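The values are calculated or read from the model by the stated rules, or taken from the named source; none is laboratory data. Computed from a predicted model, the values in this text were never measured in an experiment. Here the Cβ positions follow ideal geometry from the backbone for every residue, glycine too, while neighbour counts run over all protein chains shown.
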Amino acid sequence: MISLTLVEASAEAIGRGPPARRIGRYALFGEIASGGMATVYFGRLVGAVGFSRAVAIKQLHPQFAKSPEFVAQFLDEAQLTARIRHPNVVSVLDVVVRDGELFVIMEFVEGEPLSRLLRMATEPVPLAIGSAILVQVLLGLHAAHEATTENGHRLEIVHRDVSPQNMLVGVDGSSHILDFGVAKAASRVHTTENGQIKGKLTYMAPEQLRGSDLDRRVDVFAAGIVLWELITGQRLFARGDPGATVNAVLSGFVKPPSTHRAEVTPALDALVMKALAPIREDRFASARDMAVALEGCVPPASSLKVGAWVESVAGDSLKERAQRLREAEESTGVNAVVDAAGLQRRLIDGSLQPHSSAGMSSPTLTQEVAGRAEALTWAPPRRAWPWLVRLAVGALGLGSPWALLALWPTKVASTRGPAPSPSAPVELAPSAATAEPKPAPASGLPAEIVTPAKPGPKTEPARVIRRTVRKPSALTDNCKPPYVLDSQGRKRFKPECF
């Protein structure tokens, strides 16, 4: 299987314009990387109620999708990676088979491959930064080596392609190992042909070049090569042609990294040389053992410092990619305003259908989200007329303390609301249509306030609230008017006027 780096391609390819195509609930955008057997795209998972997340989508080339051997190899990689559960391993989220095409949905990590960071760096990598990167990668490798089947049997996974191209360093300071396309496992469906060598020559162990049986110490040797190159800033076994590279690996001659960098301690020299021992029995027994030794020899930098180093080396590339990601988010409409409570009610009463896996999103849901976004504006209260009645009565009887009762908030009885307070006299009229108000007294003030019931689907007797309003007394000059307006425009009545 080819080695695919998720973010090795130009950032301009990501998220420019609308989705290239839609695969069920996934939208495919620009191409990230391409190899001999598959292509990796930037994509988004779009779910119900505006849910969305960035993903990387690996598609097997159509010409290989018809070959049982390539399909088995492609699916084996997804099944192996799905069995590895560790934060330092790029995880597989889903496998989609659609119209004869195969897609593997993977976690998208915002960051850069270590190979690109090494090419872009103008200064040697700080030892603490390199230690932090390698420690996390080694822990991810150890998780792969220890992965088991559903029955608890160890899979005996060997990555066989540990290299800077397959180490992803995120802007959050985390490091990840990815691409188990050429991994070897005891229970793998696809078996490697005898004598076939898979991986990169410059990162292979001697026994891997000889075609011997492999175990996890092959990956330890490759991690030792990466550590040597991180420290020195040079290539270890790379030569002008493949034959010279193979001879360099098989010779077993390696200079200690201190010969290229003076600040390297003897303890770090010994650690690197142990990982690069030509005889595998002389190496670290596991990737975890090497991680523990490296952490004790060179204390790793914090995630904040690693993330800051990544941004200092690849800041322009990261900013360009972030802009493309924002454009992709906007094109999928994930920034729509959603009234979650309203949608929940619609889901409960059945008037809104949930998200369907057959397409990107249901038209009903899209229309509902757009409608809810427009509906989130202020609307006047529906029951404003009782307050208008009270204000009118208060304006006619400003001089009477009993006029305050007209402005005091009261419950408006309705056919579906609770009963009014017992302190207020209530009488039930035969109906709203037959209830007639009593004639007003000579003073012009109404003798009672009639609050009709709110119309509803049921016809029930309306409730009439009666209150007696006294005739206002004579007003003095200071009580014209008997109130003042506060800073909020509300009436404050003068005590001396009552």
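Quick notes
- Failed item in (1) surrounded by 13 or more Cβ atoms within 10 Å (Cβ to Cβ); (2) β-branched (Val, Ile, Thr); (3) out of contact with any Phe, Trp or Tyr (no Cβ under 8 Å at 6 or more places or on another chain); (4) modelled with pLDDT of 95 or more, with VAL246 passing the rest: (4)
- Among the residues of the stretch 155-175, just one is assigned to a strand (DSSP E or B) and within 16 Å of LEU80 (Cα to Cα), namely VAL158.
- Total residues in the stretch 42-55, condition in contact with a helix residue (DSSP H, G or I) (Cβ under 8 Å, 6 or more places away or on another chain) and of a type in the set (Val, Ile, Thr): 1
- Checking the stated criteria, LEU230 turns out to be closer than 23 Å to PHE180 by Cβ, surrounded by 13 or more Cβ atoms within 10 Å (Cβ to Cβ) and assigned by TED's automatic domain parsing to the domain that holds LEU138.
- Among the residues of this structure, GLU281 counts as one that is assigned to a helix (DSSP H, G or I) and closer than 15 Å to GLU207 by Cβ.
- Some residue of the stretch 56-66 being at pLDDT 60 or above and in contact with a helix residue (DSSP H, G or I) (Cβ under 6 Å, 6 or more places away or on another chain): yes
- Enumeration of residues in the stretch 136-157 that are surrounded by fewer than 24 Cβ atoms within 10 Å (Cβ to Cβ) and hydrophobic (A, V, I, L, M, F, W, C): LEU139, ALA143, ALA147, LEU155
- Checking each residue in the stretch 255-278 for being assigned to a helix (DSSP H, G or I) and surrounded by 15 or more Cβ atoms within 10 Å (Cβ to Cβ) picks out PRO257, SER258, LEU268, ASP269, LEU271, VAL272, MET273, LYS274, ALA275.
Condition check ((1) in the same structural domain as ARG22 (by TED's automatic domain parsing); (2) of a type in the set (S, T, N, Q); (3) more than 30 Å from VAL135 (Cβ to Cβ)) across all residues:
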position	(1), (2), (3)
VAL55	yes, no, no
GLN63	yes, yes, yes
SER91	yes, yes, no
VAL97	yes, no, yes
VAL104	yes, no, no
PRO124	yes, no, no
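- Output for the stretch 251-284, where each listed residue is polar (S, T, N, Q) and without any contact (Cβ under 8 Å) to a residue 12 or more places away in the chain: SER251, SER258, THR259
- Residue ID - farthest from the chain's Cα centre (by Cα), chosen from residues in the stretch 118-161 that are β-branched (Val, Ile, Thr) and modelled with pLDDT under 95: THR122
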